[in-house]
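Working notes, beginning with the structure itself.
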Amino acid sequence: MSVIKLMRGDITRLSVDAIVNAANPTLLGGGGVDGAIHRAAGPQLLQECQTLGGARPGEAKITHGYNLPARWVIHTVGPIYRGGESGEAETLSRCYENSLCIARSYGLRTVAFPSISTGAYRYPIEEASRVALGTIDRFLRECSYYEMEPIIVLHTEGDLQVYIENAEEMGITYEVQR
Ligand code: ADP
């Protein structure tokens, strides 16, 4: 059975099959992790993104990784948090699920996620981490015939601790990579 890896770090530095970008609906770059990914990938990434026609919250689209050590970038649009009663959890869950479905359809195994929506989109990390962990764990169970190595990359030690505590509480199989 696949396990979820948790680590602290900079997602743009990982040599994995794919990294996931917490993009905005234009898919044309922005701040936070999106800006960091575009800077590290170089201008060809923006050129390819200009052909995608944007994406709605919960959707995911794939591009090449260009100058990144990762081969592919899966761009997904998280929900903006508006108090939690506007379907945010369902949308956030679809971000993880659709990204994993694309990865599987491309035959990718190591897929690194940032903590989607918990930056500029203000989703409280306590809640968002449970959605992230629960959705990835469910995908791994339902898709156990396909060996995958999902990694959640947290930008700060505090964020990593929240994910570890929730994985522990939820009884999810995880591994911390130091
Ligand atoms: P969103 O708009 O979906 O909230 P942000 O990029 O603002 O996206 O934040 C999402 C998360 O990504 C935040 O927890 C932020 O700390 C984190 N983050 C920012 N830069 C990086 C990076 N280089 N690697 C990994 N995570 C990052």
Please determine, by comparing only the residues of the stretch 58-82 that are in a strand (DSSP E or B) and hydrophobic (A, V, I, L, M, F, W, C), which one is nearest to residue 25 (Cα to Cα). 77
Here are some conditions: (1) part of a loop (DSSP other than H, G, I, E, B); (2) under 30 Å from residue 141 (Cβ atoms). Residue 30 meets all but one. Which one does it not meet? (2)
The correct count of residues that are buried (at least 17 other Cβ atoms within 10 Å of the Cβ), within 13 Å of the ligand (Cβ to nearest atom), in contact (Cβ under 8 Å) with a residue 40 or more places away in the chain and not hydrophobic (A, V, I, L, M, F, W, C) in the stretch 1-29 is 4
For the stretch 126-178, give me each residue that is closer than 25 Å to residue 37 by Cα, out of contact with any Ser or Thr (no Cβ under 9 Å at 6 or more places or on another chain) and of a type in the set (Ser, Thr, Tyr). 156
With the first residue restricted to the stretch 141-158 and required to be more than 16 Å from the ligand (Cβ to nearest atom), and the second required to be of a type in the set (Phe, Trp, Tyr), Cβ contacts under 9 Å at 6 or more apart or on different chains are 148/139
Residue tally, condition under 15 Å from residue 168 (Cβ atoms), away from the ligand (no atom under 13 Å from the Cβ) and not hydrophobic (A, V, I, L, M, F, W, C), over the stretch 110-140: 3
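Throughout, read-outs are computed from the coordinates displayed, never taken from laboratory work. Only a predicted model underlies this, so the values are computations on that prediction, with no experimental measurement involved. Virtual Cβ from ideal backbone geometry, glycine too; neighbours counted across all protein chains shown.
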